[in-house]
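Presented below is the structure to which this report refers.
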Amino acid sequence: MKYLNHIKYYLLTMSVLFVASCFTACNDDIDLATNGNYDNIEGIYGTVKNVSGARELSTITIFGNNTGTGQLYFELTEKASDAVKVQLKISKEALEAYNTANGTSYEIYPESQVTFANGGTLNIAAGAQKSETVDITVASNNGVGKTYALPISAEVTVGGVAVSKANQSYIYLIKPYGAIPNSDKGTGIKSILYIEVNDENLLNAGEYMMVGSGKPFFDVVNIFAANINYNSETKRAYVNCNENISYLLQHADEYIRPLQAKGIKVCLTILGNHDEAGVANLSREAAADFARELKSYVDVYGLDGIDFDDEYSKYNSENPSPGFEAPSGSAAANLVYECRKIMPDKIISVYDYTNYLPSGSIEGKEIGTLIDYAYWGAYANWSDRHEKITGMTKKQYGPSSFNLNLSASNGGYNLEDVKAVRKDGYGIQMYYNLKVGYDYSGALNQMAKVLFDDEVEWTGVTYTKNSTSGIKNSPSYSSYLGEWKTTSANSLYYYYPGPWWDWSGSMSTTLKFEQKVAGESYNVYGWYGTENDLPLVINYNSKTGWIEMPLPQKAKDTKTGEEWLYMGRYQYPYSSAYWMNYPEQYVAYSGVLNNDGINIQATPVSGYRLTRTMSAVQLNTAGTEIVAVKGELDKGVVWQPYSLGK
């Protein structure tokens, strides 16, 4: 057999010096060098590769005294006729070559802090083309705030493959960080958030902080979602990522690390994807293989764990392909067990939505004891199914979930469910669909009081899709003063002789903001039906620059002296709206000035309700019935959101 004797140095410095990066796609392999014509070279040659198939420098992140992990293997251009052995080692010369070629000045990471599994030895059996994977474990050197390089070269020691003095190498960047803060808020309850990254930015989850403890409101953020798919050629399940997941993982330092630095754990959700592969039908052997791939993702991207969502798979119960079983709780347990076996210190969680929850015991271990968290996935619904997961306790389970965007746009939430989570001893409250453009602090604040005996404060910073620079639109108090043409999103009018209602489109009025307490509040005149004679108090939030409208609130007619009550008209999703006088004042609407004016939107209200509109009313002496509505606004209801422009 003839092997490549050397690789020209210019190829090394330009593009054959393979340096690690985040996955360019979840299952891509690296392209071999484009600067050289290997068709002219006789024999078989090899390449050292990252499991990610990366093309550029990638980062191994180390928090505090923890360790980071890289994974490399060696691959030949053809199958080997004889066994090949490769030795990995740290190469100062490779880094010097890279720095010279690229005009960089990376400092090499201390060799004493680096450990190679199996002594860094890789083996390719006769008839094979690729070696096993070897873990490179990197311990902290306490060099917080500095970026190092770890150059690793491959030397063939058995099999006749010779390499040049320069060697083929792989270079990692090493970034030590301080210790991850503890997000525990004292009650043992975790707030877990799913973010759909096709549309939204993970970084927004880190902008809701506790007032008292200074800790993040969200403990865990699940990236939704990578997929499990079946490769009919290799006969195995694999991780498949769309371009949005790939982009996020490629830029983990920009999107994932900032959350982790605040104490928020970041996990990757694995979701079925319309073929036979799923999280609840893998055999033990196939589950072990898939778990190894998941571990690679966790290691390469510095993730805190894996979340499983058993939806959208097309299970073949009658005649499953090799490596698959009929879907069942025991098959779902296979994947949990194999993941826990090789990731003992990582989060493993389960989205509870189907019948195939992990169940039973493996190797004498109840599967629920190997899972960190599970949570019921049907929003605005309560279901306790923790006992279906063998060995799981209430402290690991969340029986209710909230779609935050639905709460903000078409309803509220049931605070009684939140109270029951704590009262009945559950350990998880789950949320999803956090979107930019809404201030959720009102709803989250009420939940935080129940769950954590604390309050939530929003920083006012927002991140649009793929942005890494937060925008804090914080208009001044004075910028809201003056007159604003206000237009409702829609209106619903009662027609005489009736009885019937009909939609009548948007309606406009003019609001005048006058100073009430400088820097704190405004008297606002001209609300629909009030004819500039009934001041409405709107507060200014100096921390965010937003304006906030509290309800209910009392007001006195400036002409007649009559007392009125500004009160909300609420609606459950897809139901009729009705008036309600809440016993405690809360922020019913909020908005912020931007280039297009002010968009005032309702904030979620406990009880699955949304403030559709509000009016000034008078109640009977008992306070139980409305006896008058200012301007007869009950005959013409103008619906939020409201757009204000000069």
Subject >> Between helix 92-102 and the chain: long-axis angle, C-alpha atoms, 0 to 90°, nearest 10 >> reply: 60 degrees
**OP:** Treat the count of other C-beta atoms within 10 Å as a stand-in for reagent exposure and order Val587, Val279 from fewest to most.
**Re:** Val587, Val279
Original post:
So for region 190-467, taking the charge dipole from beta-carbon charges (+1 Lys/Arg, -1 Asp/Glu), which of Cys241, Val197, Asn222 sits furthest toward the positive end?
Top reply: Asn222
Original post:
Measuring from label point to label point, each 7 Å out along Cα→Cβ, what is the Glu233 to Asn142 span in nm?
Top reply: 5.1 nm
Original post:
So for the chain, taking the charge dipole from beta-carbon charges (+1 Lys/Arg, -1 Asp/Glu), which of Ile626, Gln515, Gly568 sits furthest toward the positive end?
Top reply: Gln515
**OP:** Among Val211, Val158, rank each residue by its count of other Cβ atoms within 10 Å, from fewest to most, as a rough exposure measure.
**Re:** Val211, Val158
Subject >> In nm, spacing of pseudo-spin labels at Glu311 and Ala326 (7 Å Cα→C-beta vector) >> reply: 2.6 nm
**OP:** Counting only DSSP beta bridges with both residues in the chain, tell me the antiparallel percent, nearest 5.
**Re:** 70 percent
Subject >> 0 to 90° range, to nearest 10: angle between helix 329-342 axis and the chain longest Cα axis >> reply: 60 degrees
Subject >> Relative contact order (%) - criterion: Cα under 8 Å, at least six apart; region: region 190-467 >> reply: 20 percent
**OP:** Output the relative contact order of the chain, whole-number percent, from Cα pairs under 8 angstrom with separation of 6+ residues.
**Re:** 10 percent
Original post:
Hey, can you rank 499-505, 146-152 by average C-beta count inside 10 Å, highest first?
Top reply: 146-152, 499-505
Original post:
Under unit Cβ charges (Lys, Arg +1; Asp, Glu -1), what dipole magnitude, rounded to 20 debye, does the chain have relative to its Cα centre?
Top reply: 840 debye
**OP:** May I ask you to sort His251, His274, His386 by Cβ crowding, counting other Cβ atoms within 10 Å and putting the fewest first?
**Re:** His274, His251, His386
Original post:
At 222 nm, what helix-only mean residue ellipticity would the chain give, in deg cm²/dmol to the nearest 500, using -39500 (n - 2.57) for each DSSP H run of four or more?
Top reply: -4000 deg cm²/dmol
Subject >> Qualifying trypsin sites (Lys or Arg not before Pro) for region 278-360 [loop in DSSP, other Cβ within 10 Å: at most 12] >> reply: Lys314
Subject >> Relative intensity, log₁₀ I(q)/I(0), of the chain from a Debye sum that treats every alpha carbon as a point, q = 0.10 Å⁻¹ >> reply: -0.96
Subject >> Distance between modelled label sites at Lys516 and Asp502, nm, 7 Å Cα→Cβ extension >> reply: 3.8 nm
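A short reminder: the numbers here are calculations on the coordinates, not readings from a lab. Source: prediction; values computed, not measured. Virtual Cβ from ideal backbone geometry, glycine too; neighbours counted across all protein chains shown.
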